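**Q** Structure incoming, see below.
The values are calculated or read from the model by the stated rules, or taken from the named source; none is laboratory data. Since the structure is predicted, the reported quantities are computational estimates derived from the model, not experimental observations. A quick note on method: Cβ atoms are made from the backbone with ideal geometry, for glycine too, and the neighbour counts reach across all protein chains shown. Note: accessible area is taken over every heavy atom of the protein model, side chains too, but ligands, DNA and RNA are not part of it. Shrake-Rupley method; radii C 1.70, N 1.55, O 1.52, S 1.80 Å.
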Amino acid sequence: MSSTNLLGLPETLLPDEPEVKEALSRAIGFDVDEVLEATVKDFPTSSLAWATLADRAWYRGEIVASYAYARVGYHRGLDALRKAGWRGQGPVPWSHEGNHGVLLALYMLRRAAEGIGESAEVVRLTEFLEGADPAAIPAIEAGGR
C-alpha cells in the first residue's frame with residue numbers, strides 16, 4: 001500500500017489504446033482537425049481521443065467546444081473505470097499508460113471549466129484528479145504524455 005492510498009483500495013488499470021494512439025499520431029503533418037474528428041468517430045468510447053479533441057479546441061480558443069469534448073471524454077472515462085471495477089474511489093495511477101486518456105479528459109474538463117468560470121466544478125475535478133493520483137496534474141502540466 002502506498003502512502004497516498006490510505007484506504008487500501010486496489011489501483012484501477014485501464015487497458016492501453018494502441019489503435020487510438022496510432023490514429024492520433026497521423027495528425028502530425030496532416031489536417032489535424034480532420035484526423036482528430038475521424039479518430040473520435042472510429043473510437044467513440046476513447047477518453048484519449050476526446051481529450052485530444054478537447055485540447056485542440058482549447059488551443060484554437062474554442063473554450064465552450066473544449067468543455068463539451070472534455071465532458072464527453074470524462075463520461076467515457078467514467079464508463080471505462082466502472083467497467084474495470086472502479087467503484088467511485090481509489091487510485092488511478094498516471095504511471096499506467098492506459099489511464100492517460102481518462103486522466104487527461106479530467107484535466108481538460110477542469111481546465112475548460114475554469115475557462116467558463118465554473119469554479120465549483122474546478123474544485124471537484126481537482127479533488128478527483130488528486131484522489132486518483134497526486135502526480136497526474138503535475139505530469140500533465142509538464143507535458144508528460
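Table: residues versus (1) in contact with a His (Cβ under 8 Å, 6 or more places away or on another chain); (2) among the charged types (D, E, K, R); (3) outside any helix (DSSP H, G or I); (4) more than 18 Å from LEU14 (Cα to Cα).
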residue	(1), (2), (3), (4)
ALA65	no, no, no, yes
GLY73	no, no, no, no
ARG82	no, yes, no, no
ARG111	no, yes, no, yes
GLY131	no, no, no, no
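**Q** For the stretch 39-63, enumerate the residues that are free of Cβ contacts under 8 Å to residues at least 40 places away in the same chain and assigned to a helix (DSSP H, G or I).
**A** Answer for the stretch 39-63, where residues must be free of Cβ contacts under 8 Å to residues at least 40 places away in the same chain and assigned to a helix (DSSP H, G or I): THR39, VAL40, LYS41, ASP42, LEU53, ARG56, ALA57, TYR59.
**Q** Let me spell it out: the conditions are (1) open to solvent by 60 Å² or more (accessible area, probe 1.4 Å); (2) in contact with a Lys or Arg (Cβ under 6 Å, 6 or more places away or on another chain), and LEU125 meets all of them except one. Which number is the exception?
**A** (1)
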